Every structure is written in structure tokens, then in C-alpha cells.
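K.L.:
I'd like to ask you about the structure that follows.
Read-outs: derived from the displayed coordinates by stated rules, not from any lab. Because the structure is a prediction, the values reported are computed rather than measured. Virtual Cβ from ideal backbone geometry, glycine too; neighbours counted across all protein chains shown.
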Amino acid sequence: MTSVSIDFSAGKLTAEGKKRVAHTLFEKGKSFLRASAHLRKEEGYEFVILHLLCQGMEITLKAYLLYADYDKYSTQLKAIGHDLEKLAKICSTEYQISVGRKELLDELSKLNALYLNHILRYGYGSVLDILEDPKTIRSGRVGWRLIASVRLANYLLGISRGAIN
């Protein structure tokens with residue numbers, strides 16, 4: 001049996017390759033967002049819904065950064081990690097748009113604290129699962145802002161397949 005080994009670290013991506021990597025990441029992010037919306041529609045467990053929303057946001061915002069300047073941001077994404085507030089600030093600076101009003105930022109801050117500490121995904125035996133009704137954790141402002149940004153990105157990039165509606 002023959003095995004094939006490919007060393008990706010030695011190669012350089014073309015401009016088209018960089019665009020495709022960003023596009024693939026964008027599509028993955030949209031899929032997490034669709035999964036979140038589907039679970040919410042089906043009355044799934046809210047902590048899982050919120051986790052998928054946050055993961056979709058993280059991946060989508062990272063794709064936006066790669067679209068903006070692949071060479072600059074591809075080396076920074078790992079250091080940015082899962083920090084949604086940091087990602088939102090960097091994206092708002094890069095695209096010269098407002099991060100949002102206080103209510104939106106408060107909502108993002110609460111979601112970020114839960115997402116960064118993996119509480120939404122695992123809980124690690126956290127009493128949060130029994131002390132806080134996850135349906136009381138607000139996500140509507142963040143969700144609508146994210147959907148609006150994805151729709152705008154779909155339009156600007158000429159993407160119709162897989163668009164969030």
C-alpha cells in the first residue's frame with residue numbers, strides 16, 4: 001500500500017488560494033449559524049444553541065479578517081483564539097464600522113465569557129446548568145447583527161448558495 005504525504009508548510013498560497021481558504025471558512029461559519037437557528041426552531045437545548053451561535057460568529061469573523069488581508073491575519077488568528085469581543089473589535093477597526101451600542105456589547109460580553117470558558121459547550125459540572133435558565137441569556141442583538149453582516153458579505157462577495165435567510 002502506498003501512502004502520500006503532503007507538506008503544506010513549505011508552500012505559498014496564490015491570491016486565488018487565499019480567497020478560497022477565506023471562503024471555505026466563511027461557509028463553515030454560516031453552517032454553524034444555520035445549525036444554531038435550526039436547533040432553536042426545533043427547541044433544542046439552549047446552551048448548545050448559544051455555543052453554535054458563538055462558534056459561527058468566531059469562524060465568520062475570522063473569515064472576514066482573511067478576506068480583508070489574508071497575509072496579515074492568517075498568522076494572528078490562533079493568538080486571537082476564541083475571544084469574540086477581541087474579534088469584533090478587530091473586525092470593526094478593519095472594516096471601519098461601529099462595534100455596536102451598549103446593549104449589543106453587553107450581550108456580546110456575556111456570551112463571550114461563557115464561550116471563552118467553554119461553559120456553553122461543556123459546563124464542566126458547572127452549576128450554571130441548574131442555576132440559570134439558558135433561555136434568559138440574551139443573544140438576539142448579537143444574532144441579528146451577525147445575520148446582517150453575513151447577508152451583506154454574501155451580497156458583496158456575490159454568494160447566493162448557502163446564504164442565511
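K.L.:
Which whole number in µm²/s is D for the stretch 51-97 by Stokes-Einstein, with the Kirkwood Rh taken over Cα pairs at 4 °C and 1.567 mPa s?
P.N.:
Translational D for this selection: 123 µm²/s.
K.L.:
Can I ask one more? Taking the Cβ-Cβ separation of His82 and Tyr122 as r and a Förster radius of 22 Å, what is the calculated FRET efficiency to the nearest 0.05?
P.N.:
Here the calculated transfer efficiency is 0.95.
K.L.:
Also: Of Lys30/Lys102; Lys72/Lys135; Lys19/Lys89; Lys12/Lys110; Lys30/Lys78; Lys62/Lys135, which sit over 29 Å apart, Cα to Cα?
P.N.:
Lys72/Lys135; Lys12/Lys110
K.L.:
A follow-up question, please. How much net charge surrounds Cys54 when only the other residues with a Cβ under 12 Å from the Cβ of Cys54 are counted, with Lys and Arg +1 and Asp and Glu -1?
P.N.:
Its environment carries a net charge of -2.
K.L.:
Quick one: Karplus J couplings for the stretch 73-80, per residue in order, coefficients 6.51, -1.76, 1.60, θ = phi - 60°, nearest Hz, x for Gly and Pro?
P.N.:
8, 4, 7, 9, 4, 5, 5, 5
K.L.:
Let me ask something additional. Can you tell me the alpha carbon radius of gyration of the stretch 15-157 divided by the globular rule-of-thumb value 2.2 N^0.38 Å?
P.N.:
Cα Rg divided by the expected 2.2 N^0.38 Å: 1.04.
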